[in-house]
Every structure is written in structure tokens, then in C-alpha cells.
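Structure first, commentary second.
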Amino acid sequence: MGKKHSVINENESRTEDTEFAMDYELLTPTLTELTEEEIQKLHFFIEWNNETLDFKFNQSLDSITIQELNKKMGWEGRKLVLEKMDNTYFGTLYENGYRSMLLPIKEIDKEKVILSGFPKEPYQAIGYPK
């Protein structure tokens, strides 16, 4: 529980009690028979929340135009990196060298990937090669 302060203008503000919640997910080992090197070579397209996510490791996820702008600005852009903690693999999104999102990989093989940890139902997404 905490207080939320909203400033309306110079002379008026509002304070209300609110609950600050955080969701957690129990990590389970990734189900796979693939090696880390084999996983990094895979490329999937994932449909989630009416968007298509390009899921490929160690390559820029930005368009060619954005890549050119990033090069001029000295930025790295967006990149997906495979990381592992204990027996769980993650698709980790880096933006300009900073970790911005971790998506636990629930299951992965050459035919599909199941990601978990999404903020809305069904809380997971399935990707397939195109």
C-alpha cells in the first residue's frame, strides 16, 4: 500500500491510497534438446497482442533506416540475446546496450518457441518459423 500524489495545477493536488503490485513468475527449466549454439541460430515470428515480434538472436531488430540513424548517433539499437540462468533460457532484449526486457523461454525446438512472462493473458506467446 502507498500514496499516489497527482498534481492538477499550481494550487491543487490530490492524494489517494493505492496498492502498488508486482507480478512474479516461477522460473522452470527450459524444455529443449537443443544446444545453446543451435538455439542461437533459430528464427521465429511470434504473434502477441496483434503484433508480430521478430525473434532472432544476435542481430539488429531495427529497420535498415533506424540502423543507419543509430550508426550516425553512435547507438547500438535493439538486439535480442540468448541468456541462461540455471536451467532457464531467456530471450533478453537490449536497447543501446541496456537490458530492457527478459522473456523466459518455456520451451524451444526447431518447430516452435514458447515464451512466458507477458503482462496480459494468456501470459505466454508461441512463435513459429516462417
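The values are calculated or read from the model by the stated rules, or taken from the named source; none is laboratory data. Predicted model, so just to flag it, every value in this text is computed and none were measured. Note that we place each Cβ from the backbone using ideal geometry, even for glycine, and neighbour counts take in every protein chain shown. Heavy atoms of the whole protein, side chains included, go into the accessibility calculation; ligands, DNA and RNA do not. Shrake-Rupley method; radii C 1.70, N 1.55, O 1.52, S 1.80 Å.
Considering (1) among the aliphatic types (A, V, I, L, M); (2) at pLDDT below 90; (3) out of contact with any strand residue (DSSP E or B) (no Cβ under 7 Å at 6 or more places or on another chain), say which one Leu69 fails and leave the rest.
So Leu69 meets the others, but not (2).
In this structure, does Phe55 turn out to be surrounded by 12 or more Cβ atoms within 10 Å (Cβ to Cβ), touching a His at 6+ places or on another chain (Cβ under 8 Å) and either at pLDDT 95 or above or hydrophobic (A, V, I, L, M, F, W, C) (or both)?
The answer is yes for Phe55.
Any chance you could count how many residues in the stretch 9-34 are outside any loop (DSSP other than H, G, I, E, B), surrounded by 10 or more Cβ atoms within 10 Å (Cβ to Cβ) and in contact (Cβ under 8 Å) with a residue 12 or more places away in the chain?
Selection size over the stretch 9-34: 2.
Just one of (1) open to solvent by 50 Å² or more (accessible area, probe 1.4 Å); (2) touching a Ser or Thr at 6+ places or on another chain (Cβ under 6 Å); (3) closer than 18 Å to Lys56 by Cβ trips up Lys130, so point out which.
For Lys130, the failing item is (2).
All but one of (1) under 30 Å from Met1 (Cβ atoms); (2) at pLDDT below 90; (3) surrounded by 14 or more Cβ atoms within 10 Å (Cβ to Cβ) hold for Ser116; state the number of the condition that does not hold.
(2)
I'd like to verify a number: residues in the stretch 45-76 that are over 14 Å from the mean Cα position of the chain (by Cα) and not polar (S, T, N, Q), how many?
11
What tally of residues in the stretch 85-100 results from selecting those that are open to solvent by 40 Å² or more (accessible area, probe 1.4 Å) and under 18 Å from Glu37 (Cα atoms)?
Count: 3.
Among the listed residues Leu103, Leu82, which satisfies the condition of being open to solvent by less than 90 Å² (accessible area, probe 1.4 Å) and either without any contact (Cβ under 8 Å) to a residue 12 or more places away in the chain or closer than 18 Å to Tyr24 by Cβ (or both)?
Step by step, each of Leu103, Leu82 is checked, and only Leu103 is open to solvent by less than 90 Å² (accessible area, probe 1.4 Å) and either without any contact (Cβ under 8 Å) to a residue 12 or more places away in the chain or closer than 18 Å to Tyr24 by Cβ (or both).
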